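See structure below.
The values are calculated or read from the model by the stated rules, or taken from the named source; none is laboratory data. Remember, it's a predicted structure, so these values are computed and weren't measured experimentally. As a convention, Cβ positions derive from the backbone with ideal geometry for all residues, glycine included, and neighbour counts pool all protein chains shown.
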């Protein structure tokens with residue numbers, strides 16, 4: 001028959017064997033902790049796979065621990081073998097004689113090192129064979145002979161030098177006990193350092209007995225190779241401090257002796273300054289490491305040490321085994337740690353660029369929350385009816401009024417004043433969110449030159465509602481008609497008001513609707529919508545082809561159905577081209593006796609266009625005219641129509657967007673004269689200005705080539721058509737440096753805005 005065998009012990013060699021062995025010991029310690037407390041604690045902390053490395057401060061406690069360990073492990077069916085101790089009474093007790101390690105051995109292997117029990121020291125035992133050629137496997141094998149692997153050097157000479165020096169570690173003798181007998185005070189001194197090759201940390205215990213004797217010994221150390229990615233030395237120093245903090249945190253949780261003080265030492269002032277800086281002010285890389293350091297070591301004392309006294313410098317820079325054997329700085333630390341360290345910690349304040357580069361740039365941000373703005377948004381979301389919204393807000397105001405004035409409570413239906421108050425409230429809150437900068441500037445008496453509502457001459461009324469200024473102050477219209485309330489074009493309230501007017505007036509067209517809304521409200525346009533045309537398609541460019549459009553428009557109106565030969569048509573188009581290019585742009589000089597102006601023709605032929613005076617033929621019948629006279633008549637019609645349109649375009653472009661002087665002496669102006677032939681412009685210079693009661697120029701005296709005339713300055717855009725605008729005053733043309741803007745007038749054309757536009761109109765003075 002088939003027999004089944006089951007192992008009753010842990011089978012070594014399998015993947016789960018280490019876990020099962022450790023887990024079995026932990027379960028045994030947990031179950032028998034009440035009976036064997038000292039042995040159970042040792043099993044949980046001092047066991048390395050199948051070895052127990054532990055002890056006590058005196059012989060009696062050690063014997064009790066030994067007895068408990070034997071009894072505890074017997075509970076689990078396990079026996080302890082190969083006892084080793086630095087005290088003979090623990091080894092040669094008759095009860096444990098069969099389990100003693102052979103006495104002829106001078107040392108015992110302990111976690112990659114050799115422990116000599118009789119001297120109670122740790123040593124290394126390394127044997128290497130020198131030869132001319134080494135394989136990679138042999139190099140790694142020799143390196144792995146030590147518990148802490150070392151990094152091989154680059155070439156063969158360095159490797160041979162390292163290998164010859166390696167047996168010197170056999171002379172190292174490290175005392176197993178790191179503290180003095182019967183200590184009364186124990187301090188922990190921790191050092192860290194970094195270089196471009198490696199960074200590390202080392203810990204020392206400084207113990208003192210009752211007689212005042214002080215002993216310092218190395219406790220442990222840790223090393224890390226620098227990352228391949230290049231980084232600054234100060235960041236590596238901070239990484240060394242982080243490694244030190246983690247090592248100290250682990251050591252404190254393991255050792256069972258009381259520590260009076262813990263001192264953390266570094267030779268990097270910048271790293272120390274980062275550690276002492278609130279981590280919220282630091283950038284991400286330094287922030288993460290400083291935060292971890294302060295979490296692991298919240299109350300530890302960070303201090304600065306000179307590089308010459310820093311034993312961790314041997315870790316970062318490296319040393320040979322021969323130099324390490326008798327290096328007192330490495331095994332016992334600097335001498336100053338034996339003295340009392342009571343100096344106050346110096347505050348580190350640096351202006352070093354490396355330190356400041358890791359500090360976040362402070363930016364003061366102020367957030368102003370307008371509760372009314374949130375309130376008005378919630379109100380507008382309640383309904384799409386403007387009337388209903390006004391009633392809702394009116395009842396809210398009535399409720400607040402009745403709470404504040406219980407003796408003067410309002411009752412009954414809402415009246416007109418309450419509805420008006422609610423409407424003004426909603427408009428005002430919307431204006432505060434959309435035109436906050438404009439309202440602030442107007443309340444402080446400042447010009448709002450960069451605002452999108454500057455051309456509306458806006459102002460704040462007695463209720464601080466933003467209204468259109470306009471030029472209707474002297475009319476008999478109502479307040480809302482003369483000065484409509486401004487509203488942003490794309491706000492929800494504006495949309496609700498437009499829909500309300502649209503329904504109230506039975507779905508009128510958009511032009512009529514806009515006219516009706518503007519009797520009380522004025523929606524502000526946001527900006528110009530730009531459109532681009534395909535290449536080589538001038539017919540798409542109606543906006544900037546205004547000159548071509550003007551040419552075609554007047555040519556079509558003047559010629560009509562008249563049939564022209566090629567020579568006649570060419571003559572007419574050349575004459576019309578001359579008319580378009582004869583318009584004055586700026587004065588040629590500031591001389592008050594000079595009446596010439598710069599025209600586009602100056603850029604084409606270098607001089608103005610001159611023509612022979614022809615009699616007026618517009619009123620003549622075509623039957624009595626020669627072919628040349630017919631062409632001249634067509635030209636005169638084009639001149640008459642285009643001149644009127646051109647001057648009107650200049651008139652439309654004047655927005656009076658902010659207060660300025662209309663005209664000044666020596667400014668050149670154009671006088672409208674319907675009797676002048678083509679290419680002729682009546683130019684003059686202002687000699688004297690006469691201001692009105694409001695302080696603005698109302699009347700001017702103009703000197704022309706054949707005398708002096710008095711004219712009225714037009715500010716109200718009424719139909720007085722004797723004087724026309726010039727595009728740039730002489731004085732301001734010489735001084736103005738500002739960039740000319742692209743503007744869109746009412747007809748939809750985008751043209752270059754003149755620097756200064758002056759409108760003058762003639763009025764007969766009797």
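Please work out if residue 412 is at positive phi and more than 43 Å from the chain's Cα centre (by Cα). Yes, satisfied. Exactly one residue out of 69, 73 is touching a helix residue (DSSP H, G or I) at 6+ places or on another chain (Cβ under 6 Å) and either at positive phi or surrounded by 13 or more Cβ atoms within 10 Å (Cβ to Cβ) (or both), and it is 69. Among the residues of the range 661-710, the one identified as surrounded by fewer than 13 Cβ atoms within 10 Å (Cβ to Cβ) and in contact with a helix residue (DSSP H, G or I) (Cβ under 8 Å, 6 or more places away or on another chain) is 674. Candidates are the residues of the range 433-469 that are buried (at least 17 other Cβ atoms within 10 Å of the Cβ) and in contact with a helix residue (DSSP H, G or I) (Cβ under 8 Å, 6 or more places away or on another chain); the one that is nearest to residue 379 (Cα to Cα) is 465.
Looking across the range 123-138 at every residue that is surrounded by 11 or more Cβ atoms within 10 Å (Cβ to Cβ) and at pLDDT below 75, the one that is farthest from residue 223 (Cα to Cα) is identified as 134. Scanning the range 179-211 for residues that are surrounded by fewer than 17 Cβ atoms within 10 Å (Cβ to Cβ) and touching a helix residue (DSSP H, G or I) at 6+ places or on another chain (Cβ under 9 Å) turns up 196, 197.
Of all positions in the range 685-697, none carries a residue that is more than 26 Å from residue 453 (Cβ to Cβ), modelled with pLDDT under 80 and in a strand (DSSP E or B). Residues that are without any contact (Cβ under 8 Å) to a residue 60 or more places away in the chain and either touching a helix residue (DSSP H, G or I) at 6+ places or on another chain (Cβ under 8 Å) or part of a helix (DSSP H, G or I) (or both) within the range 212-240 comprise 219, 220, 222, 224, 226, 233, 235, 236, 237, 238, 239, listed in sequence order. The single condition among (1) surrounded by fewer than 17 Cβ atoms within 10 Å (Cβ to Cβ); (2) closer than 27 Å to residue 385 by Cβ; (3) touching a strand residue (DSSP E or B) at 6+ places or on another chain (Cβ under 7 Å) that residue 479 does not satisfy is (3). Can you find a residue in the range 466-474 that is under 35 Å from the mean Cα position of the chain (by Cα), on the phi > 0 side of the Ramachandran plot and at pLDDT below 85? No: zero hits. For residue 257, the requirement of being over 30 Å from residue 44 (Cβ atoms) and touching a residue at least 40 places away in the same chain (Cβ under 8 Å) is not met. Of all residues in the range 161-182, those satisfying the criterion of being in contact (Cβ under 8 Å) with a residue 60 or more places away in the chain and over 30 Å from residue 129 (Cβ atoms) are 176, 179.
Taking the range 698-734 as the range and being in a strand (DSSP E or B), under 25 Å from residue 601 (Cα atoms) and at pLDDT below 75 as the test, the residues that pass are 723, 724, 726. Across the range 343-360, not a single residue is classified as modelled with pLDDT of 65 or more, more than 32 Å from the chain's Cα centre (by Cα) and part of a loop (DSSP other than H, G, I, E, B).
Among the candidates 193, 158, the residue that is free of Cβ contacts under 8 Å to residues at least 40 places away in the same chain and either part of a helix (DSSP H, G or I) or assigned by the TED database to the domain that holds residue 303 (or both) is uniquely 158.
Please go through the range 293-309 and give me each residue that is loosely packed, with under 15 Cβ neighbours inside 10 Å and part of a helix (DSSP H, G or I), ordered by number. Hits for the range 293-309 are 295, 307, 308. Residues that are out of contact with any strand residue (DSSP E or B) (no Cβ under 7 Å at 6 or more places or on another chain) and more than 16 Å from residue 237 (Cα to Cα) were ranked within the range 269-282; the one that is surrounded by the most Cβ atoms within 10 Å (Cβ to Cβ) is 279. When residue 57 is tested against the conditions (1) surrounded by 12 or more Cβ atoms within 10 Å (Cβ to Cβ); (2) in contact with a helix residue (DSSP H, G or I) (Cβ under 9 Å, 6 or more places away or on another chain); (3) at pLDDT below 85, the lone failure is (2). When the range 276-291 is filtered for residues that are out of contact with any helix residue (DSSP H, G or I) (no Cβ under 6 Å at 6 or more places or on another chain) and part of a helix (DSSP H, G or I), the ones remaining, listed by number, are 276, 280, 281, 284, 285, 288.
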